[in-house]
Amino acid sequence: MATENTSAATGYVQPEIDVRALRAVLDGEHAGIRDLVRTNLVAHASVLEEAEELGIDAYRERVRDIVVAMAATGQTGMGFPEEYGGGGDVGASIAAFETLAHGDLSVLVKVGVQFGLFGGAILHLGTARHHEAYLPDLIGGRLMGCFAMTETGHGSDVQSLGTLARFDPATGEFVLTTPDDRARKDYIGNAARHAELAVVFAQLEVAGRAEGVHAFVVPLREGGRVRPGVHIEDDGRKMGLNGVDNGRIRFDGVRVPREALLNRFADVTADGVYESAIENPGRRFFTMLGTLVQGRVSVAGAGVGAAKVALAIAVKYAVRRRQFAAAPDAGEQLLLDYGLHQRRLLPLLARTYAFHFAQDAVRRQLHDVFSGAGDDAAARRLLESRAAGTKALATWHATRVVQECREACGGAGYLSVNRFAALKADSDIFTTFEGDNHVLLQLVAKGLLTHYASEFEDLDQLGTVRHVAGIAVETILEKTAVHKMLERVRDLLPGGDEWDREAGLLDSEYHLAMFRFREEHMLAGAARRLKRGMDEHRDPGAVFSQVQDHVIAVARAHVERLVLEAFTDAVRALPDGGDKEALRLLCDLHALSAIEADRAWFMEHGRLTVQRSKAISREVNDLCRKVRPLAVDLVDAWGIPDEMLRAPDLIG
């Protein structure tokens with residue numbers, strides 16, 4: 001626990017952190033499931049060493065055994081209905097996954113594939129017949145499966161998948177075929193060794209008519225042997241996550257019964273008639289994919305969890321390792337007492353806390369939608385957008401944090417025994433898991449530019465350009481929540497000499513005003529550029545391509561604003577005390593360091609003078625000095641078991 005410290009020079013009183021109380025705040029309503037995961041991680045902590053010692057086949061089997069053992073505790077089934085052996089709590093399932101990221105990430109990904117992707121597809125795309133047939137064994141870890149969507153030649157463009165599923169009316173079966181190598185299912189977790197079933201996404205054809213992409217339950221193995229017509233290849237060693245058996249799958253006329261179609265949104269009758277309550281094919285497709293949003297929420301949480309581990313190791317090392325004397329007659333100085341080292345780690349610590357609370361907000365939104373408490377079309381579109389944006393920024397943040405923390409630990413950070421090698425290799429894929437981050441940010445921007453119009457699902461990039469061109473730019477702004485704050489923003493962002501005053505730099509309303517102004521200005525600019533291009537009768541594809549960098553910037557600004565709002569709201573909700581003051585320091589540090597990082601934009605657009613920009617840098621330095629005595633308590637509050645930090649050369 002940090003002790004209270006009063007500076008005689010400034011009168012500043014250092015907040016005192018109650019680590020146990022702060023951990024309770026961070027764990028929230030899911031403290032019980034988080035503690036269960038921590039217990040399970042410690043029970044299987046040896047896998048961190050075994051990952052480096054075992055051959056790839058033995059490592060894969062070890063990871064599978066751990067996943068099955070965790071399933072027996074109920075940890076992995078929290079998101080499934082209770083009647084099938086689950087916990088009936090979607091929010092708890094995300095909290096469990098976030099905490100699992102503190103351990104071996106192959107175990108995390110194996111859990112995600114089995115229970116999130118494979119299990120989630122059967123739960124959300126199937127109906128009672130599928131639930132009764134598969135969920136009890138799936139939840140218990142007795143039935144292993146995989147999620148076969150991605151194809152070699154079709155990455156993010158899922159609507160263009162090449163795998164075919166033709167209905168044969170003579171036998172009442174679907175016939176699955178891989179027409180060429182571009183349609184080969186690839187990078188499929190669990191496929192190379194363990195999956196007995198696959199949820200396969202394929203183009204459905206009924207009576208010669210293409211009905212778009214649908215999902216089917218397809219047996220891959222029986223008694224451990226690959227079934228006839230199914231061809232599976234091992235993807236082999238990867239950059240990381242070698243405890244997960246990724247593979248390639250081809251289908252050569254594989255027949256499955258009519259009931260294999262996951263038919264929540266569409267079905268084929270015994271007479272061979274295609275039926276769906278959603279007439280529009282595009283809307284039907286995006287409705288199906290929308291039910292799988294939990295994967296993006298999970299990956300975002302995993303990224304935040306990996307960042308926490310890296311920071312915990314680096315911060316604890318920085319208060320143990322000494323280097324150079326501050327004066328000739330003084331001893332060597334602790335790394336974290338150097339201003340530059342504080343600058344390297346503490347803004348990242350603050351930003352990780354910000355993403356923790358942003359992830360909390362997404363998790364609650366997901367729980368409300370999937371529990372039925374707040375489920376409607378608009379809520380789902382907002383969830384999909386927020387999940388996509390948070391996943392993009394949180395996983396980029398994780399990649400940056402792991403690298404910076406590795407460097408901050410010097411040569412010791414390069415040793416495999418100190419965890420950074422595995423963290424770096426295993427978490428790097430998060431930026432492209434569940435969608436490439438740039439593609440996900442385009443989804444966010446599309447929602448902003450169209451204000452999630454009723455035809456939102458049907459609009460591709462070109463449709464978005466045409467939509468924006470057909471409406472007034474002011475209409476886009478008026479329909480966004482950020483526009484409602486415009487007058488307040490302008491009041492808080494004065495011009496002239498007032499910019500030179502340092503007062504107000506620690507005002508949360510000032511921080512929010514800056515973020516909101518940036519978002520609205522960028523949104524208006526992107527809309528005007530799109531509209532201008534169409535008014536000039538230019539090709540819509542060329543227009544979008546030329547504005548694409550601006551579109552991504554809009555999305556980033558939007559998500560940055562949501563993250564700051566989540567952090568600010570969380571701090572305001574806390575009772576007065578040392579924990580609140582500590583988090584307020586972190587929130588100020590996060591906001592000002594973000595403004596500092598983008599100071600060029602704010603100066604270009606008249607929101608910062610040179611004097612105020614310099615004042616912000618001074619304030620960031622001061623905030624780092626204030627956070628420094630709290631740093632160890634702040635990382636301890638994450639509750640990462642000591643066995644998971646596994647860095648004997650760094651922290652003992």
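The values are calculated or read from the model by the stated rules, or taken from the named source; none is laboratory data. This one's a predicted model, so the numbers in the text were calculated from it and none came from an experiment. Here the Cβ positions follow ideal geometry from the backbone for every residue, glycine too, while neighbour counts run over all protein chains shown. What goes into the accessible areas is simple: the full protein's heavy atoms, side chains included, and nothing from ligands, DNA or RNA. Shrake-Rupley method; radii C 1.70, N 1.55, O 1.52, S 1.80 Å.
Quick notes
- Residue match in the range 49-62 (condition: within 25 Å of the chain's Cα centre (by Cα), surrounded by fewer than 19 Cβ atoms within 10 Å (Cβ to Cβ) and assigned to a helix (DSSP H, G or I)): no
- Picking from residues in the range 337-379 that are among the hydroxyl-bearing types (Ser, Thr, Tyr) and out of contact with any Leu (no Cβ under 8 Å at 6 or more places or on another chain), the one that is surrounded by the most Cβ atoms within 10 Å (Cβ to Cβ) is Tyr338.
- Residue count, the range 155-170 (criterion: within 13 Å of Val254 (Cα to Cα) and assigned to a loop (DSSP other than H, G, I, E, B)): 1
- Filter result (closer than 19 Å to His154 by Cα and in contact with a Gly (Cβ under 9 Å, 6 or more places away or on another chain)) within the range 200-211: Ala202, Gln203, Leu204
- Within the range 107-131, the set of residues being more than 18 Å from the chain's Cα centre (by Cα), in contact (Cβ under 8 Å) with a residue 24 or more places away in the chain and open to solvent by 20 Å² or more (accessible area, probe 1.4 Å) comprises Leu123, His124, Thr127, Arg129, His131.
- Among the conditions (1) touching a Lys or Arg at 6+ places or on another chain (Cβ under 7 Å); (2) free of Cβ contacts under 8 Å to residues at least 24 places away in the same chain, the only one that Gly504 does not satisfy is (1).
- The conditions of being of a type in the set (S, T, N, Q) and farther than 13 Å from Ala148 by Cβ are met by Thr171.
- Test result for Glu560, surrounded by 14 or more Cβ atoms within 10 Å (Cβ to Cβ) and within 18 Å of Gln442 (Cβ to Cβ): yes
- Some residue of the range 324-331 being touching a residue at least 40 places away in the same chain (Cβ under 8 Å) and of a type outside the set (Phe, Trp, Tyr): no
- The conditions of being at pLDDT 95 or above and within 23 Å of Ala392 (Cβ to Cβ) are not met by Cys624.
- Residue identified as at pLDDT below 95 and either more than 25 Å from Val632 (Cβ to Cβ) or not small (Gly, Ala, Ser) (or both) among Arg607, Arg572: Arg607
- The range 410-436, residues that are out of contact with any Cys (no Cβ under 9 Å at 6 or more places or on another chain), modelled with pLDDT under 95, at negative phi and crowded, with 19+ Cβ neighbours inside 10 Å: Phe433
- Within the range 182-208, the residues that satisfy the criterion of being among the acidic types (Asp, Glu) and open to solvent by 40 Å² or more (accessible area, probe 1.4 Å) are Glu196, Glu205.
- Residue match in the range 247-259 (condition: in contact (Cβ under 8 Å) with a residue 24 or more places away in the chain, more than 17 Å from Gln203 (Cβ to Cβ), touching a Pro at 6+ places or on another chain (Cβ under 8 Å) and charged (D, E, K, R)): no
- Qualifying residue in the range 622-638 (condition: outside any helix (DSSP H, G or I) and open to solvent by 30 Å² or more (accessible area, probe 1.4 Å)): no
- Within the range 132-166, the set of residues being of a type in the set (S, T, N, Q) and either surrounded by fewer than 17 Cβ atoms within 10 Å (Cβ to Cβ) or under 20 Å from the mean Cα position of the chain (by Cα) (or both) comprises Thr150, Thr152, Ser156, Gln159, Ser160.
- Considering residues of the range 212-246 that are farther than 25 Å from Phe174 by Cβ, out of contact with any Gly (no Cβ under 6 Å at 6 or more places or on another chain) and among the charged types (D, E, K, R) only, the residue least open to solvent (accessible area, probe 1.4 Å): Asp245
- Residue pairs whose Cβ atoms lie under 6 Å apart, sitting 6 or more positions apart in sequence or on different chains, and linking a residue in the range 266-292 that is within 19 Å of Ala202 (Cβ to Cβ) and polar (S, T, N, Q) to a partner that is open to solvent by less than 20 Å² (accessible area, probe 1.4 Å) and assigned to a loop (DSSP other than H, G, I, E, B), are Ser276/Ala266.
- When residues of the range 88-106 are limited to those that are in a loop (DSSP other than H, G, I, E, B) and touching a residue at least 24 places away in the same chain (Cβ under 8 Å), the one most open to solvent (accessible area, probe 1.4 Å): Asp89
- Yes/no for Arg227 being under 28 Å from Asp137 (Cα atoms), without any contact (Cβ under 8 Å) to a residue 60 or more places away in the chain, touching a Pro at 6+ places or on another chain (Cβ under 9 Å) and not β-branched (Val, Ile, Thr): yes
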